[in-house]
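Here is the structure we will look at.
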Amino acid sequence: MLNQPSLLCLLASSACLGSHGSVVLGVPCWRGPGLPPPGFPPLAEPGSWGQTSLGSHQGHEPLRILNTVIKGCHGPQGKRLWPLSALSSCGTPAFGWGDGPTSVGYHLSLLVLQDPDNTLIVLSGGGTSGRLAFLIAVSFNKLLKGLGQLPRYTYIIAGGDRSLVMSQEGLEDSALLGIEELRKAPFVAGQLDFCMNNLDIFLPVLVGFNPVSMARNDKIEGWHSTFRQVAERMQKLQESHKAFILNPAVGPEGISGSSRMKGGSATKILLETLLLAAHKTISKDTDISEKCLLEILRTYERAHKVTYAQSKKMAALVKQAGTSLQKKASVYMVGWHTLGIIAIMDGAECIPTFGADYNDVRGFLIGDHSEMFNKETDLIAQGPQFAFSQEDFVKTILPSLTELDTVLFLFTLDDDLAEVEKLVVQVKEKTSNVQALSHATVGQYLPASLKKLFPSIMSIMWPILFLEYEGNFIQKFQRELSTKWILNTVSTGAHVLKGKILHNYMVNLRISNSKLFWRAVCILQRFTGHSQARCLEGLLQTIYDPEVLSDDIRNAELSKHIAIAMEKNKVVPTALLCLLRNCSVQEAQLRLDTSPSIRAAIESSLNAPGRKRGADKSDSTGRSA
């Protein structure tokens, strides 16, 4: 038996390698001819190659574009990239099969078999990755409980449990916070450096979707290394199989940099495939094989086909949700069990992505959650923005519902349908805009009394699976992923209709961490053609207005700029109008306030007579976000 660490640490970063608060990833899996050219932006960062521009369409058109984006994308050579085939080529020996200790699957199986009572599998990340860590830990602990075993999965998310229901992206920037989380408990936080300094305890496995060569190499505030230096150290350790890197290329996101979509889905598929395969092989006393992994991956491919067969109903739901947001009302997603977790994730991610208010799109979890959270007291009675439970929905949301709000119910036909019906009846007393997404197995039918309550039901039928216990979780994972795809499509499409997206860019993102700060600068460069220096100056002027910029302000730590920006609304579109029209912050704000939408205000400025785009383009540094 090998001298094996007692902790397997799966650290995920579904965003680009510039996310300081989570983890970096390793060997590139670029699908073009060789590696991307020097200076090429991170693979997850640009808008999808060859995609029609989001932000100028109505009706079901955004859905068609999003459908294309999630299926795959076209590379510069016109070659389609299919996410599942990309995942299956994810450094195949490292992914799960190969010669013994050269694979993650081997070490995972060994850890679980060797001393299950004294080992722990930790899933860690920030933002979307951290929420997925929570979801997957909950699922696999349930699997173990069904086998009569103690839970061996745990999760860490930057910012703690509050970040599960309310976005707190700023905490992802703190490397020292990650180390502190590690020292106060016997499990791994998001700081890769600490794991590599304690390889006798930890076996780090890093997950993401960009090569190390694209990692940001700028200073991390309060830390001794750059992100790229940490990543390169990880690459070196991989050569001796003391750590592993899983980073397939799944291509650009439909909305530039919005890694909650394709990156988040790929993270879920990859980790669940690896972990489920390990559990299946343990029960059968066999090694993880390529066939086993590909069989699981293909179930997700089938889930994709089943889900997008519902395109027309998804389009109608996008339109309904968009109408609610356009009328300054809310979209509520009420889900049973893990479908409720998916709903909470989607709502929380809209805040930094679209600059949304926490009450614009919200998710709620129906069912017992007593054993899910690390520290549930961080969520209970902490204010309306942290409401997430059935009790919260009934007490705080239901009384204030209006006819303009949309409520989407998410459930399976295995759930308590009487409970579903009771809550739907209560909601219908307030609004007629109720929709349903239900998952059923062949042979199950929705009760007529429940069915008649909805004007439209998106009902997804799944085949009966005659599998061993672990295999039965495949259908649970399929339903969760299907729900995630639908909710991502609905919330993104609704914000497109509200005018929050322009040419595939989230022009109203909330600047809440360093990644989003530099992405904002890049968006300004993209639409004005000005240099990075001028766009940075314009952004700072908007953030600090009405204060006059001084050298002290310009040279302040990035965290100070972010802290002030987080307290303001529409920072990026205001800065963009200032640069496009060479006007004051006050004039830009007035144009935004009197325009039908943010997109309309920016398009009007882009098309203003006499505007010369790209005057400073030759001075651009081309920094990627």
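Does the stretch 196-205 include one or more residues that are surrounded by 19 or more Cβ atoms within 10 Å (Cβ to Cβ), at pLDDT below 70 and assigned by TED's automatic domain parsing to the domain that holds ALA278?
Initially, the stretch 196-205 is screened for residues surrounded by 19 or more Cβ atoms within 10 Å (Cβ to Cβ), giving 202-205.
Pick out the ones that are also at pLDDT below 70 and you get none.
No.
Name the one entry in LEU294, LEU365, LEU325, LEU339 that is in contact (Cβ under 8 Å) with a residue 12 or more places away in the chain, more than 26 Å from GLY126 (Cβ to Cβ), assigned by TED's automatic domain parsing to the domain that holds PHE388 and not acidic (Asp, Glu).
Working: LEU294 fails: assigned by TED's automatic domain parsing to the domain that holds PHE388; LEU365 fails: more than 26 Å from GLY126 (Cβ to Cβ); LEU339 fails: more than 26 Å from GLY126 (Cβ to Cβ).
None of the other options fit; the residue is LEU325.
Note on the stretch 491-536: residues that are at pLDDT 90 or above, in contact with an Asp or Glu (Cβ under 6 Å, 6 or more places away or on another chain) and part of a loop (DSSP other than H, G, I, E, B) total 2. Scanning the stretch 118-159 for residues that are modelled with pLDDT of 85 or more, of a type in the set (S, T, N, Q) and outside any strand (DSSP E or B) yields THR128, SER129, SER139, ASN141, GLN149. Looking at SER311, is it modelled with pLDDT under 90 and closer than 18 Å to GLN475 by Cβ? No: the conditions fail for SER311.
Going by what's in this entry, would LEU450 be described as in a helix (DSSP H, G or I), surrounded by 13 or more Cβ atoms within 10 Å (Cβ to Cβ) and more than 29 Å from the chain's Cα centre (by Cα)?
Working: in a helix (DSSP H, G or I): yes; surrounded by 13 or more Cβ atoms within 10 Å (Cβ to Cβ): yes; more than 29 Å from the chain's Cα centre (by Cα): yes.
Answer is yes for this residue.
Summed over the stretch 585-610, the residues that are assigned to a helix (DSSP H, G or I) and out of contact with any Gly (no Cβ under 7 Å at 6 or more places or on another chain) give a count of 16.
Scanning the stretch 540-562 for residues that are surrounded by 14 or more Cβ atoms within 10 Å (Cβ to Cβ), of a type outside the set (Ser, Thr, Tyr), assigned to a helix (DSSP H, G or I) and out of contact with any Cys (no Cβ under 9 Å at 6 or more places or on another chain) yields a total of 6.
Among GLY471, GLY443, which is the only one that is at pLDDT below 95 and at positive phi? Break it down stepwise before answering.
Details: GLY471 fails: at positive phi.
After applying the criteria, what remains is GLY443.
Going by what's in this entry, would ASP357 be described as at pLDDT 90 or above and either assigned by TED's automatic domain parsing to the domain that holds GLY264 or surrounded by fewer than 17 Cβ atoms within 10 Å (Cβ to Cβ) (or both)? So ASP357 passes the test.
Against the numbered list (1) surrounded by 14 or more Cβ atoms within 10 Å (Cβ to Cβ); (2) at pLDDT 95 or above, THR402 comes up short only at (1).
The values are calculated or read from the model by the stated rules, or taken from the named source; none is laboratory data. From a predicted model like this one, the values you see are computed outputs, not experimental measurements. Because the Cβ atoms are built from the backbone with ideal geometry, glycine has one as well, and the counts that use them run over all protein chains shown.
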